[in-house]
Amino acid sequence: MAKKCLYRVTFLNQGKVYELYAKRVSQGDLYGFIAVEGITFGEKSSVVIDPGEERLKAEFDGVQVTRIPLHAIVRIDEVAKQGTAKIVPMSGKADEALALVRQIGPFAETPP
């Protein structure tokens, strides 16, 4: 019997760190993008609701494949058990580092 793979994908999106669980992750057909398919969410009791996970469910509702830019990927881990999907705001030095990357990146504005 084949072992079921589950991946934890951590990436940056609009100043926040997203952590999703997916069944398939591949290089995809678009150059520079990682294709993430089969996004899964934890099966929890309807009494206890995690607002972060609910936001992710709403954002990715109906999405079959999402393509994430390669430079936004923080890490991809193959995991044995699924954890809680979440969105974490970036704070402190990470924000400053991201701002610096934007300034010196390929689309940076030239200084006045």
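The numbers here are math on the coordinates, done by the rules we state, and not lab data. The structure displayed is predicted, hence computed values, not measured ones. Using ideal geometry, Cβ is built from the backbone for each residue, glycine included, and neighbour counts are taken over all protein chains shown.
Arrange the following residues from fewest to most other Cβ atoms within 10 Å of their Cβ: F11, F41. Walk me through the numbers before you get to the answer.
On the way: F11 21, F41 16.
Lowest count first: F41, F11.
For Y7, Y18, which order do you get if you count the other beta carbons within 10 Å of each Cβ and list the fewest first? The partial results should precede the final answer.
Values: Y7 18, Y18 21.
If I rank by nearby Cβ atoms, fewest first, I get Y7, Y18.
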Provide L56, L12, L30 in ascending order of the number of other Cβ atoms located within 10 Å of each residue's Cβ, fewest first.
-> L30, L12, L56
Expressed in nanometres to one decimal, the distance between label points 7 Å along Cα→Cβ at E54 and K16 is 1.4 nm
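Using 0.36 nm per residue, how much length does the chain from E37 to I76 gain when fully extended, once their Cα-Cα distance is taken away? Spell out each step's value before the answer.
Values: separation 39, 0.36 × 39 = 14.04 nm, distance 1.33 nm.
Once the chain is fully extended between E37 and I76, it gains 12.7 nm.
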